[in-house]
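Here the structure comes first, spelled out in structure tokens, and everything after it is commentary.
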Amino acid sequence: MPEQRVRIGLLGRGTVGGAFAELLEQRAGAVEAATGRRPELGGVLTRSGGDPGEILGSSDVIVELMGGIDPAREHVLSALRSGIPVVTANKQLLAQHGDELFEAARASGVQLRFEAAVAGVIPIIRVIQESFGVTEITKVFGIVNGTTNFVLSEMAATGAAYDDVLARAQELGYAEADPTEDVNGADAAAKMAILARLAFHTPVTLSEVGYEGIERVKPDDLAYAKELGLSLKLLGVAERRDGGLSVRVFPCFLYPRHPLAPVEGPFNAVMVQAPAITEITMSGPGAGGIETASAVLGDVVSILSGRAPVHAAREPLEIVRDISSSFYLHLEVADRPGVLARIAEVLGRNEVSVRSVVQRGLGDDARLVMVMHEGLEARFFKALEEIATLDFLRAQPRAIRVIEEEFV
Ligand SMILES: NC(=O)c1ccc[n+]([C@@H]2O[C@H](COP(=O)([O-])OP(=O)(O)OC[C@H]3O[C@@H](n4cnc5c(N)ncnc54)[C@H](OP(=O)(O)O)[C@@H]3O)[C@@H](O)[C@H]2O)c1
């Protein structure tokens, strides 16, 4: 029987694309043994060479590893519309143009796979789409950005300032030269938009994901968190709330026995909750050329094996914005009588209830660290706005969410 060859067109040969090209050559025999078809690298597009039209015309599968929106969007759409399956690691493209891309794949009856776009090497897309394809998922959440997890872990371990740790992360290759999208939460938000779409079978775009980053976290927050037994993570959360769906990214304190609390350094971890499964947690490297390339090759194998992901049609869910959370509040105030009572009055009037308070003297000033019980975020932020105007405040108040559940 003649050997069945499959030509892989590669768009982008940088960190991931370069590693993928090497891995494809090394593992071609294994892919052939698994699928009956031997992959080989066809055309390659970079800024300095390759013709996109020619590559599309001569490829059986397109692997897009160039990143960015344009021209990646145009090339991926052309491939899908021409009936060529596509593998991509491009989270921004999927989060911003998912509807259009999924519709093009559906209309042509070809696969669009993107395991590497979320949580690096952790096979969370496959688990949600295939293993839990018909499971009623209630919550998907986790640490989906390795750069910020590294920065927060280092700040907690060393007490160093945010800017110094970020510079070290850049030196070590855990943060890019321009780390803006990582540290401001936009990268994690794109990943959560993709996970939410799949887990809840509902269109979610990046603009519907509220996000906050870690730029304002101070060594003091981490020092006091340590005293309270908490660890700080940038969390992405997509969950059913009040009949709708809430998708958000925010820095958050976790109690020590939370399964995500021990995830340190540039690692990612994702949890899925559903009544039928209780809860699972998967963790692993969040990025890296070879790790990401390995997830991409896994998608190529799935395409060659002909296994299409499950698409369970569901009613779209409304995005819910005003939800309940509990907060940690850090205040620097003048150390004089009546200050605590005044703060308690503002919180009480806004129906925010205090769970614990730690007070420290700082010469003529004092530092108050408060943890609130869970309540509507809008009420807490209203109280915070009022507190920020009080004349005895010595610095802007700092607030960070807290996950209250303790896991046994
Ligand atoms: N790096 C990671 O660890 C990681 C992890 C998960 C997902 N991803 C995703 O994987 C994708 C690739 O990331 P990467 O780190 O490998 O990027 P990269 O190192 O910057 O490589 C990008 C490649 O695409 C080519 N390219 C970019 N724009 C182009 C254009 N307009 N026309 C033609 N070629 C173009 C570049 O060409 P030149 O070689 O000529 O510059 C380069 O070969 C991105 O979507 C990224 O978000 C990366």
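Which peptide among 104-114, 61-71, 342-352 comes first, and what is the full order, when sorted by highest mean count of other Cβ atoms within 10 Å? Don't skip to the end; give the middle numbers.
Working: 104-114: 18.3, 61-71: 20.1, 342-352: 16.5.
Descending mean neighbour count gives 61-71, 104-114, 342-352.
Let me confirm the definition first: pairs of Lys residues in the chain, 8 or more apart or on different chains, C-alpha distance under 26 Å. How many are there?
So the count of such lysine pairs works out to 11.
Quick check: pseudo-label points 7 Å beyond the Cα along Cα→Cβ at Leu228 and Asp70, how many nm apart are they?
4.6
For the chain, list log₁₀ I(q)/I(0) at each q in 0.11, 0.12 Å⁻¹, using the Debye formula over Cα point scatterers of equal strength and ignoring solvent, two decimals each.
For the chain, the Cα-only Debye profile gives -0.83, -0.95.
Restricting things to alpha carbons, tell me how big the stretch 175-240 is in terms of Rg and Dmax, in Å.
14.4, 42
For the stretch 120-243, what's the radius of gyration and Dmax over Cα atoms, in angstrom?
16.1, 46
Please work out the FRET efficiency for the pair Ser356 and Ser324, using the Cβ-Cβ distance as r and a Förster radius of 22 Å; give the result to the nearest 0.05.
Numbers: r = 18 Å, r/R0 = 0.82.
With a Förster radius of 22 Å, E is 0.75.
Please compute the modelled spin-label separation between Asp335 and Arg349, points set 7 Å along Cα→Cβ, answer in nm with one decimal.
Label-label distance for Arg349 and Asp335, simple model: 2.8 nm.
What residues have an amide H closer than 5 Å to that of Tyr211, excluding those fewer than 5 places away on the same chain, when H is modeled at 1.01 Å from N in the peptide plane?
Val249
Sort the stretch 1-105 into rounded, prolate or oblate with this rule: let a ≥ b ≥ c be the square roots of the eigenvalues of the Cα gyration tensor; rounded if a/c is under 1.5, and if a/c is not under 1.5, prolate when a/b is larger than b/c, oblate otherwise.
Details: a/c = 1.76, a/b = 1.49, b/c = 1.18.
Prolate.
Calculated FRET efficiency, Glu171 and Thr46, Cβ-Cβ r, R0 25 Å, to nearest 0.05? Walk me through the intermediate numbers first.
Numbers: r = 27 Å, r/R0 = 1.07.
The pair Glu171/Thr46 has a calculated efficiency of 0.40.
Label the stretch 256-316 by shape, choosing from rounded, prolate and oblate, from the square roots a ≥ b ≥ c of the eigenvalues of the Cα gyration tensor; if a/c is under 1.5 it is rounded, and otherwise prolate applies when a/b is larger than b/c, oblate when it is not. Write down the numbers at each step before the final one.
Details: a/c = 2.96, a/b = 1.15, b/c = 2.57.
Since a/c reaches 1.5 but b/c is at least a/b, the shape of the stretch 256-316 is classed as oblate.
Pick out, from Tyr174, Asn149, Tyr162, the residue whose Cα sits farthest towards the positive end of the charge dipole of the stretch 136-177, with +1 on the Cβ of Lys and Arg and -1 on the Cβ of Asp and Glu.
Going by the Cα projections, it comes out as Asn149.
Find the all-direction average of the projected area of the Cα convex hull for the stretch 320-408, expressing the result in square nanometres with one decimal place. Could the numbers behind the result be given before it?
Working: hull surface 25.7 nm².
Seen from a random direction, the Cα hull of the stretch 320-408 projects 6.4 nm² on average.
Please get the size of the charge dipole for the stretch 199-314, origin at its Cα centre, with Cβ charges of +1 on Lys and Arg and -1 on Asp and Glu, quoted in debye to the nearest 20. Let's see the in-between values first.
On the way: 10 positive and 12 negative charges, 54 e Å.
Using only the charged Cβ atoms, the result is roughly 260 debye.
Give me the compactness ratio for the stretch 251-354, meaning the Cα radius of gyration over 2.2 N^0.38 Å.
So the stretch 251-354 has a normalised radius of gyration of 1.77.
What percent do you get for the relative contact order of the chain when only Cα pairs under 8 Å and 6+ apart count? It would help to have the intermediate numbers written out before the result.
Values: 861 pairs, mean separation 68.4, N = 408.
Relative contact order, the chain: 17 percent.
Values in this text are rule-based calculations from the coordinates and carry no lab data. Because the structure is a prediction, the values reported are computed rather than measured. All Cβ positions, even for glycine, are placed from backbone atoms using ideal geometry, and neighbour counts span all protein chains on display.
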